[in-house]
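As structure tokens, the structure follows; a few thoughts come after it.
The values are calculated or read from the model by the stated rules, or taken from the named source; none is laboratory data. Since the structure is predicted, the reported quantities are computational estimates derived from the model, not experimental observations. For neighbour counting, all protein chains shown are included, and Cβ atoms are generated from backbone atoms with ideal geometry for every residue, glycine included. Side chains included, ligands, DNA and RNA excluded: accessible areas come from the protein's heavy atoms. Shrake-Rupley method; radii C 1.70, N 1.55, O 1.52, S 1.80 Å.
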Protein chains: 2
Amino acid sequence: MKTFVLITLTAAALSAYSEENEISKRIIALEEAALERWMNGDVYGYLELYADDVTYFDPMLEKRLDGLKELTKLYEPWQGKAKASSYEMIAPEVQADKNTAVLTFNLISSVGDIIYKWNCTEVYRKEKGGKWKIVHSHWSCTKPELK
Amino acid sequence: MKTFVLITLTAAALSAYSEENEISKRIIALEEAALERWMNGDVYGYLELYADDVTYFDPMLEKRLDGLKELTKLYEPWQGKAKASSYEMIAPEVQADKNTAVLTFNLISSVGDIIYKWNCTEVYRKEKGGKWKIVHSHWSCTKPELK
């Protein structure tokens, strides 16, 4: 009986691990695809990923921005403009629950000789149809040199 | 029949709304309590809230910090030191699922004449015993004036 319980528990743990692993791979792939488009001047990769009720921070804003409509207004003027020479996503980590996945990573990007270092948080939520959408995004400068 | 379905759906929607509202109040109260302790020099309010697998960004770090052990090493030297003259949590917003709640807010704090402006993301997860813990925290400067 004990062996049976142990095997059942181990199988359940392995299944949970495998599910988390699957979610993790999927989320990183979604982010990489949106990032690749962004770094080539296409803002719609991210805009298509954001949920209607997305909340958003970046270092250029005075305060949190709320909702896809506002974020679209912020992003669309950048279409075709925000092109990077190179970029690298560093140590992506996903903390996943069944319907929520928190992706965090550091990012180094360069435009010509200028190097940008970022901290990034993306909270993904599994929507009713099964699609994952970003409900919260927080971009900030890594160790900014302040005036 | 239609009326019955409508009443049932409305009751379910109200119940979901009420649950989300309850979670929202609880999460904001947890954060306010930890913040109050932090602003009075007590780092253990937050340390007691962080989960073992917490991931963390702040503007003083070179990269993401992983795990409560590392975060404890970072915070403990600040015990009794980080005292604010005043602070205000601005527009806290909670995006809640059953077991995950994303709290975001802006914060203005002052130490003497110096004013600090922050963007903050806290991702809370409901643990097995029913306690809410922070699994991810991201603090950054609001619109930093870079060198």
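Test B:Glu19 against the stated conditions and say whether it is away from every other protein chain (no Cβ under 14 Å), open to solvent by less than 30 Å² (accessible area, probe 1.4 Å) and either over 27 Å from A:Ala91 (Cβ atoms) or in contact (Cβ under 8 Å) with a residue 12 or more places away in the chain (or both). No: the conditions fail for B:Glu19. Within segment A:22-44, residues that are over 16 Å from A:Ser86 (Cα atoms) reach partners that are outside any helix (DSSP H, G or I) and open to solvent by 60 Å² or more (accessible area, probe 1.4 Å) with beta carbons closer than 8 Å, at six or more positions or on different chains, in the pairs A:Val43/A:Gln79; A:Tyr44/A:Gln79.
Looking across segment A:46-62, the residues that are within 12 Å of chain B (Cβ to nearest Cβ) and open to solvent by 80 Å² or more (accessible area, probe 1.4 Å) come down to A:Asp52, A:Met60, A:Glu62. Given the structure, is A:Ala33 open to solvent by less than 70 Å² (accessible area, probe 1.4 Å), within 26 Å of A:Lys98 (Cβ to Cβ) and at pLDDT 95 or above? Yes. Condition first: surrounded by 12 or more Cβ atoms within 10 Å (Cβ to Cβ) and more than 19 Å from B:Leu49 (Cβ to Cβ). Now tell me which residues in segment B:84-94 satisfy that. Selection gives B:Ser85, B:Ile90. B:Pro92 satisfies every condition listed in (1) under 12 Å from the mean Cα position of the chain (by Cα); (2) over 26 Å from B:Gly41 (Cα atoms); (3) of a type outside the set (S, T, N, Q) except (2).
Looking only at residues of segment B:99-126 that are modelled with pLDDT of 95 or more and among the charged types (D, E, K, R), we find that the one that is surrounded by the most Cβ atoms within 10 Å (Cβ to Cβ) is B:Glu122. Inspection of segment B:74-83 identifies no residue that is open to solvent by less than 20 Å² (accessible area, probe 1.4 Å), touching a residue at least 12 places away in the same chain (Cβ under 8 Å) and under 26 Å from A:Leu65 (Cβ atoms).
The residues of segment B:134-147 that are of a type in the set (A, V, I, L, M, F, W, C) and facing chain A (nearest Cβ under 7 Å), listed by number, are B:Val135, B:Cys141, B:Leu146.
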